[in-house]
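We did not get these values from a lab; they are worked out from the coordinates using the rules stated. Model, not experiment: these values are computed from the prediction. In this analysis, Cβ positions are derived from the backbone assuming ideal geometry, glycine residues included, and neighbour counts consider all displayed protein chains.
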Amino acid sequence: MKPHSELDRHSQRSRRAVLLNPPILYAPVRQRVFRLSVRPPFRLDLTVWLLRRRPHNAVDRWDGTTYRRVLALGNAPFEIAVCQVGPPKKPELEVAVTSASRIEPREEEEVARVLRLMLGLELDLTPFYELAHTDALLEELAARFVGFRPPRFPTLFETLVNAIACQQITLTLGIALLNRLCANWGPGFSGASARAWGFIRPQDLAEVAPESLKAVGLSRQKAVALSKLAELLARDPACFHGLSALTDEAASSDLSRLRGVGRWSAEYALLRGLGRLNVFPADDISGRKKLFRWMKLPDKADYQATRRVVKRWSPYQGLIYLHLILASLSEKGWVS
C-alpha cells in the first residue's frame, strides 16, 4: 500500500491519462429556495457527518452551517445547499437548488424527496429513545447525540460503491478513492466560485475499463467489481427494486451474489442503503471494536457473538452502530 501522499501524487499523474471525457460543467443561472418541515428533535450537523465520515469527503460537503451536494436528476446536475433554521426542538430546513436551466416544480419535488430519504426527515425515533430510557448504558450514549437521524445514501448503487471501495483499507483512504472516482467520472457542476462533482452513477462507469479505475488507486478486484456493478445497473436500472420486499436474510443473500459483495457489504447496504435500522453490520471489525470498548467487554467477539450482544436493543441495532460512529467522530473533534 502506498503512503497517502504518494498515492495522491500517483492519482494526479494518472488522472490526466484516464480523464478522456471530463464531465460537462454547467454555469448556474437559476435557483429556487424552499423549506422542509422536520419532526423534532433534529440536528443537521450530526446527520450530515454520518454521510461525510471524514473531513475530506468532497461529495457530501459541510462548512459548519451548510450541507452541499451535487445531485443529478435525469441528465442535469443540480447543486443543493441545505441549512437548518431553528434549534433542534423547532427545526426547519431551508433548501436552495441551483441549476443551469429553469428548475421545474417536479424537479424541486424530486430534490425534496431525495433529501427526506437521505436525511431521515420523516423518521420518528421516539420508540428508540423510550428504549434508551430503560437502559442506563444506552441512555447515556443516546443523550449525547439527540437530534441525529440515520441517513441513507440516495441509491443502493452509491451504497455498494462505498462499501466495495472501502473494504480492507482505512476509511480515510476509502473516502479519498471515492473522491477520485467522482472527480473523474461523476456529474460535474460549476458554482459561483468552485467546481464540484456529484457521486458517480452506473451510466458513468459502465463504459470505463477496469484498468482506468485501477489508475485512481483501486485494486484490480475492486475495479472489476465496480465495473460489473455499473454494467448491471446501467443495463437494468430496476434490478434491485424487489429487495425492499425481502427479509434481511434473503436480501443479504441476493446482494452477496454480486461480485465484490460479501456479508459485511450486504449488511452495510441493508442499513445504509435500505434503511433497515435493525441491522448491525457485525462483520465490521471497527464497529465491533467500538461496540465492545463502549460496553467495556473483552474485544474477542466474532460475528455471531456480536449479533447476540446487540440483540438486546432490537429492533434498533443499526442505531447503535451509527451512534458509535458519531462517538468516534466526536473523539476526533469533528462533531460535538
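Semi-axes of the equivalent ellipsoid of region 30-122 are 21, 16, 11 Å, computed as sqrt(5λ) over the eigenvalues of the C-alpha gyration tensor in descending order.
Using just the helices of the chain, give the 222 nm mean residue ellipticity in deg cm²/dmol: DSSP H runs with n ≥ 4 each add -39,500 (n - 2.57), and the total is spread over all residues, rounded to 500.
Mean residue ellipticity, 222 nm, calculated: -14000 deg cm²/dmol.
Region 90-117 and region 295-336 have Cα centres separated by 34 Å. Per-residue Cβ neighbour counts within 10 Å put V310, V114 in the sequence V114, V310, beginning with the fewest. For region 205-273, GluC sites (Glu not before Pro) are listed when DSSP marks them as loop and at most 14 other Cβ atoms sit within 10 Å of their Cβ; the list is E207. The residues neighbouring G191, those whose beta-carbon lies less than 14 Å from its own, together hold a net charge of +3 under the Lys/Arg +1, Asp/Glu -1 convention.
On the beta carbon distance between R263 and E139, with R0 = 45 Å, the FRET formula returns roughly 0.90.
Could you please report the charge total around L119, scoring K, R as +1 and D, E as -1 over all other residues with beta-carbon less than 9 angstrom from its beta-carbon?
Details: positive: R116, R149, R152; negative: none.
That works out to +3.
Among the trypsin sites (Lys or Arg not before Pro) within region 245-336, those in coil by DSSP and having at most 12 neighbouring Cβ atoms inside 10 Å are R257, K296, K300, K332. Long hydrophobic helices in the chain, taken as whole DSSP H segments with a C-alpha length of 18 Å or more on their own axis and mean Kyte-Doolittle hydropathy at least 0.0: 171-185, 220-235, 317-331. The order of D135, D204, D283, going from fewest to most other C-beta atoms within 10 Å of their C-beta, is D135, D283, D204.
The S253 and E207 beta-carbon pair, evaluated with R₀ = 41 Å, returns a calculated FRET efficiency of approximately 0.85. As a rough footprinting exposure proxy, the listed residues L173, L156 were ranked by other beta carbons within 10 Å of their own, and the order from fewest upward is L173, L156. Of the GluC sites (Glu not before Pro) in region 85-172, the ones in a loop by DSSP (not H, G, I, E or B) with at most 12 other beta carbons within 10 Å are E122. Positive contributions from Lys and Arg (+1) and negative ones from Asp and Glu (-1), summed over other residues with Cβ under 11 Å from the Cβ of V70, come out at +2.
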